[in-house]
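The values are calculated or read from the model by the stated rules, or taken from the named source; none is laboratory data. As the structure is a computational prediction, the values presented were derived from the model and not from experiment. FYI the Cβ positions are ideal-geometry reconstructions off the backbone, even for glycines, and counts take in every protein chain you see. Ligands, DNA and RNA are excluded from the accessible area calculation, which covers all protein heavy atoms including side chains. Shrake-Rupley method; radii C 1.70, N 1.55, O 1.52, S 1.80 Å.
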Amino acid sequence: QVQVVESGGGLVQPGESLRLSCAGSGIIFSLAAMGWYRQAPGKRRELVASISRGNGGRTNYADSVKDRFTISLDNTKNTVDLQMNSLKPEDTGVYYCNTAPARSDSWGQGTQVTISS
């Protein structure tokens, strides 16, 4: 099992930025590829960004966030961050971190991100 706590969400206007952080614990967290997922109102949860532990921290992004979001790992702090720039109303949702692929027993509470003018 991976234990995670997400933070950093909030209400911002379109075009602004937010930085989400995920603090994790457990041996699996320190070894596994990690991802940030989001669930928009009325939609299924989707993977928006992932990062590997090896291969120099290879990253992958959903097309909808490419060139706007950046995922990063800090192995010394056991954190996974998601820098979100140029936010759009369609980025609204609850954001979660988990391993990639996700473990069903490792979802945290998530952090709410709302983009609205």
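Say the dipole of the chain comes from +1 at the beta carbon of Lys and Arg and -1 at that of Asp and Glu; which of Ile115, Ile28, Thr92 then lies farthest toward its positive end?
Ile28
Using the Cα centre as the reference, give the magnitude of the dipole from point charges on the C-beta atoms of region 1-92 (Lys, Arg: +1; Asp, Glu: -1; all else neutral), rounded to the nearest 20 debye.
180 debye
Exactly which trypsin sites (Lys or Arg not before Pro) in region 42-108 are in a DSSP loop and have at most 12 other Cβ atoms within 10 Å? Could you put the intermediate results ahead of the total?
On the way: sites: Lys43, Arg44, Arg45, Arg53, Arg58, Lys66, Arg68, Lys77, Arg103; in loops: Lys43, Arg44, Arg45, Arg53, Arg58, Lys66, Arg68, Lys77, Arg103.
Loop-located and lightly packed - Lys43, Arg44, Arg58, Lys66, Lys77.
How high is the relative contact order of the chain? Use alpha-carbon pairs under 8 Å, at least six apart in sequence, and give a whole percent.
Reported relative contact order: 38 percent.
Please report, as a whole percent, how much of the solvent-accessible surface of region 27-76 comes from carbon and sulfur atoms (probe radius 1.4 Å).
48 percent
Which whole-number value in Å² is the accessible area per residue of the chain, probe 1.4 Å? Provide the component values of the computation, followed by the final result.
Values: 6190 Å² over 117 residues.
Per residue, the chain has an accessible area of 53 Å².
Excluding Ser17 itself, what net charge comes from residues whose Cβ is under 14 Å from its Cβ, given Lys and Arg +1 and Asp and Glu -1?
-1
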